[in-house]
Amino acid sequence: MDFLMIDWARAQFAMTIFIHFLFVPITLGMTVLVAIMESIYHKTGKEEWKNATKFWQLLLAINFAIGLATGIIHEFEFGTNWSNYSWVMGDVFGAPLAIEGIFAFFMEASFGVVSIFGWKRVSKKFHLFSTWMLALGTNLSGFWIIVANAFMQHPTGYKLNIETARAEMTSFSEVALQPKAIDTFLHQMSSAYLLGATFMITIAAYYLLRKRDVVFAKRSMAVAIPFALINAYFLFLVGDMQTATVTQMQPTKIAATEGLFEGKEGAPIIVGILNPNKKPGDGQTAVWGIPFPNMLSLLGKHSMNAFVPGIKDLIDGNNKYGILPASELMRRGKIAINAMNDYHKAKESKNEALMAENKKIFEEYSKYFGYGHLQKPEDVIPPIGVTFYTFHIMVGLGSFFMIFFVILYVRLMKGKIADGKLWLKISLFTLLMAYIATFAGWGMAEVGRQPWTVFGLLPTIKSATPIHVTNVQMTFFMFLILLGTLTFAEVKMILKQIKLGPNKSEH
Amino acid sequence: MIFKKGFWKNSTIWYKLFLIICIKMIFMFILIKPLFFPNFMKTNFNSRDKKNSFMIKEITTTEDNKIDDK
């Protein structure tokens, strides 16, 4: 396998998903916020609320239109750069992605058109209903993408077919409703809601600092701040749920995330930096900083003294806690791979007894299939530095939001939200901080999944298409220019409307 | 009717957005997809059996298939 090709294919996917994801959380968050604003207009009948709703809807529409179809690029990439992955996962992925398409193209498009263009054409009630349906449609389509991603993090409800080398879905409900999918969906949605709220807070703070459109800005703050506050705390709660599922389902990721080199009963969380001189086997932790004793055991296993395996345990194994060494997982994986290979050779020679024998072996060892492709036991561990720092940046910013939005909420309740330049100046940066936290979280989730595209089943090195690197390099730069231009156009159009303000913008 | 009346009577920003969506769709589905992103399996193999054999070979080839029987 051409490693350079894999590197470029990964870089291309990372770049295109990064740019696509600039648009997604604003859409997810803003559709709900706009629906809340329109509900207030519906209840109060005040034109100012209608005006505010239409202005935010305009910014949402710009974001939606520019971001529209940037996700389709990934389906192009699956077919060309990641055909092995598409082949093996196609049967499982087909259902959630098809349902996502139905929500995206039917529900969002239909109700989106009524919500944007139907202000004077349909009744107030039906318009409000359409705005809420648009919010529901975008959020439900997000759910199905998360379901597909959760399968990659923790494959379940499938069987690997020895005839076709394809993972076939055996239980739709197990795939769609597994705890990993539910936790990640709740975490992702609340982070998108928080980001949507910071979009509003940042722009409203700009108006308040400039002392223009003050009434509009205050109304926007009154909706966005409580929404951000609720979601900041909800994020913390579902983050705790996620720590437990990741500790159980992806122990290598949690060990890298916390820099836990050796497993421990009553494992701590240490807030600090990685010690670059330490390697697995040098001691229990690689982190310099402030320890919070027993916290990792508590969050990960919901017991103060529970054992959390470290990197060394996951590589070398740990008899006491029933953890198999990576070398044994690799050995079993090779048995599964060889059984599949021998089954097809036996099929060619029409040796049915040998086919049956290899099928039996394969069924026993197929859950280790992916490990057979790893080259050395250390490969089971994801890149520690990136996983560790992205996680800690996300948690650090999440903690900041929990404090900062309480302060803003108190100021809002006291009627002081328009005063105090310091708080407004900090508010200007909340959107940027929310983006950094969101991307750090996704960085941790995806880099922490390595070396797998589908955890334990298909390693990244086996997922790519055997094509020449030049193809991928060329399309990398093509997408960089295309998506860069679209992003630039969005920023320019949104800035223009912000400068015009809610009373003069083109809504 | 809702779309027609609402769209044409709205201001220029909607025209720009509509134009961006149209150009983007044309660019993606008429240029990028067929020219640069052919489906590897569909392009290289004309039957399901051939696709299957190729993938079995791809997925069962490892650096070293030897099993360590320690």
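The values are calculated or read from the model by the stated rules, or taken from the named source; none is laboratory data. Computed from a predicted model, the values in this text were never measured in an experiment. When we count neighbours, we look across all protein chains shown, and the Cβ atoms used for this are built from the backbone with ideal geometry, even at glycine. These area figures cover heavy atoms from the full protein model, side chains too; ligands, DNA and RNA do not enter into them. Shrake-Rupley method; radii C 1.70, N 1.55, O 1.52, S 1.80 Å.
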Fill in the blank from the handout: The ³J(HN,Hα) series, computed from each phi in region A:483-492 with the Karplus coefficients 6.51, -1.76 and 1.60 at θ = phi - 60°, rounded to the nearest Hz and given as x for glycine or proline, is 6, x, 5, 5, 5, 4, 4, 4, 4, 5
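How charged is the neighbourhood of A:Gly94? Take every other residue with its Cβ under 12 Å from the Cβ of A:Gly94, and add Lys/Arg as +1 and Asp/Glu as -1. Numbers along the way, then the final one.
Working: positive: A:Arg166; negative: A:Glu75, A:Asp91, A:Glu100, A:Glu168.
Residues near A:Gly94 contribute -3 overall.
What do you get for Rg/Rh over region A:109-167 if you use C-alpha atoms and the Kirkwood form of Rh?
Numbers: Rg = 19.1 Å, Rh = 14.2 Å.
Using Cα coordinates only, the ratio equals 1.35.
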Exercise for the section: Quickly work out the B:Phe18-to-A:Ala353 label distance, labels modelled 7 Å from Cα along the C-beta direction, and quote it in nm with one decimal. Expected result: 7.4
Exercise for the section: Work from the charge dipole of the protein assembly as shown (Cβ charges, +1 for Lys and Arg, -1 for Asp and Glu, about the Cα centre) and give the residue of A:Met152, A:Thr475, A:Val175 farthest towards its positive end. Expected result: A:Thr475
Problem - Extension gain from A:Ala11 to A:Ala489, taking 0.36 nm per residue of separation minus the Cα-Cα distance - result: 169.7 nm
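Taking the Cα centre of region A:150-293 as the origin, how large is its charge dipole in debye, to the nearest 20, when only Lys and Arg (+1) and Asp and Glu (-1) carry charge on their Cβ atoms?
Values: 12 positive and 10 negative charges, 163 e Å.
The dipole of region A:150-293 has a size of about 780 debye.
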Practice task
Just read off the accessible area of B:Tyr15 with the full protein assembly in place, 1.4 Å probe, to the nearest 10 Å².
Solution key: 90
Exercise for the section: Determine the residues within region A:444-470 where the difference in accessible area between the chain on its own and the full set of protein chains amounts to at least 50 Å²; count protein heavy atoms only and use a 1.4 Å probe. Expected result: A:Lys462
Exercise for the section: Take peptides A:6-14, A:396-404 and line them up by average Cβ neighbours within 10 Å, highest first, as a rough protection proxy. Expected result: A:6-14, A:396-404
Exercise for the section: For region A:107-173 and region A:320-381, write down the distance between their C-alpha centroids in whole Å. Expected result: 36
Problem - Bins of 5 Å, starting at 0 and running to the largest distance - Cα pair percent for region A:218-267 - result: 5, 16, 18, 16, 11, 9, 8, 7, 6, 2, 1
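What do you get for Rg/Rh of region A:258-381 when both radii come from the Cα atoms and Rh is the Kirkwood radius? Write down the numbers at each step before the final one.
Numbers: Rg = 19.9 Å, Rh = 16.7 Å.
A ratio of 1.19.
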Problem - In sequence order, calculated HN-Hα J values of region A:264-276 (Karplus, 6.51, -1.76, 1.60; Hz; x Gly/Pro) - result: 8, 7, x, 5, x, 10, 10, 8, x, 10, 6, 7, x
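Looking only at other chains, what is the average number of their beta-carbon atoms within 10 angstrom of each beta-carbon in B:37-44? Let's see the in-between values first.
Values: counts 10, 5, 7, 12, 8, 2, 3, 4.
That works out to 6 on average.
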Handout entry: Percentage of interatomic Cα-Cα distances in chain A larger than 36 Å
Key = 38
Handout entry: Sorted peptide list for B:48-58, A:148-158, criterion being average Cβ within 10 angstrom, highest first
Key = A:148-158, B:48-58
Handout entry: Contour minus Cα-Cα distance for A:Val215 and A:Leu324 (0.36 nm per residue)
Key = 32.9 nm
Fill in the blank from the handout: Shape descriptors of region A:437-479 over alpha-carbon atoms, Rg and Dmax in angstrom, are 13.5, 35
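Per-residue mean of other chain beta-carbon atoms within 10 angstrom of the beta-carbon, peptide A:76-87?
On the way: counts 8, 1, 3, 8, 8, 2, 1, 10, 6, 0, 3, 8.
Mean partner-chain Cβ count within 10 Å for A:76-87: 5.
What ranking do A:373-379, B:32-38 get when scored by the average of other Cβ atoms within 10 Å per residue, highest first?
On the way: A:373-379: 17.0, B:32-38: 15.0.
Per-residue mean Cβ counts within 10 Å order the peptides as A:373-379, B:32-38.
Percent relative contact order of chain A, based on C-alpha pairs within less than 8 angstrom and at least six residues apart?
Result for chain A is 20 percent.
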Handout entry: Rounded to 10°, Cα long-axis angle of helix A:326-348 versus longest principal axis of chain A
Key = 70
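Using only DSSP helix segments of four residues or longer, with each worth -39500 (n - 2.57), what per-residue ellipticity at 222 nm results for chain A after dividing by its residue count and rounding to 500? Please report the intermediate quantities before stating the final value.
Values: 18 runs with 348 residues, N = 507.
Result for chain A: -23500 deg cm²/dmol, rounded to the nearest 500.
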Practice task
Keeping all protein chains in position, work out how much accessible area A:Val406 exposes to a 1.4 Å probe, and write it in Å² to the nearest 10.
Solution key: 60
Handout entry: Residue-wise HN-Hα coupling along region A:121-129, computed from phi with Karplus coefficients 6.51, -1.76, 1.60 (Hz; x: Gly, Pro)
Key = 9, 10, 5, 4, 5, 5, 5, 4, 4
Exercise for the section: Quick one: which residues, 5 or more positions from A:Ala267 or on another chain, have an amide H under 5 Å from its amide H? H modelled 1.01 Å from N in the peptide plane, none for Pro or chain starts. Expected result: A:Ser297, A:Val308
Handout entry: Extension gain, A:Met304 back to A:Lys414 (0.36 nm per residue minus Cα-Cα distance, nm)
Key = 35.5 nm
Handout entry: Amide hydrogen neighbours beyond the local backbone of A:Asn318, cut-off 5 Å, H modeled
Key = A:Ile323, A:Leu324
Fill in the blank from the handout: Rounded to a whole number, the mean other protein chain Cβ count within 10 angstrom for residues of B:21-34 is 3
Handout entry: Among A:Ser191, A:Thr245, A:Pro293 the positive-end extreme of the charge dipole of region A:172-301 (Cβ point charges)
Key = A:Ser191
Practice task
Run the accessible area of the protein assembly as shown with a 1.4 Å probe and give the carbon-and-sulfur part as a rounded percent.
Solution key: 65
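For the interface of chains A and B, what total accessible area is buried with a 1.4 Å probe, rounded to the nearest 100 Å²?
On the way: alone 23030 and 7280 Å², together 25620 Å².
The contact between B and A buries close to 4700 Å².
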Problem - Relative counts (whole %) of C-alpha pair distances in region A:366-507, using bins that are 10 Å wide - result: 9, 20, 27, 22, 13, 8, 1
Completion exercise
Residues whose modelled amide H sits under 5 Å from the amide H of A:Leu458, counting only those 5 or more places away in sequence or on another chain, are A:Thr453
Handout entry: Size of electric dipole in the protein assembly as shown: Cβ of Lys, Arg +1 and of Asp, Glu -1, about Cα centre, debye, nearest 20
Key = 2740
Completion exercise
Checked against the positive end of the charge dipole of the protein assembly as shown (+1 on Cβ of Lys and Arg, -1 on Cβ of Asp and Glu, about the Cα centre), the farthest of A:Tyr435, B:Phe45, A:Leu97 is A:Tyr435
Fill in the blank from the handout: Once all protein chains are kept in place, B:Trp14 shows an accessible area at probe 1.4 Å, nearest 10 Å², of 20
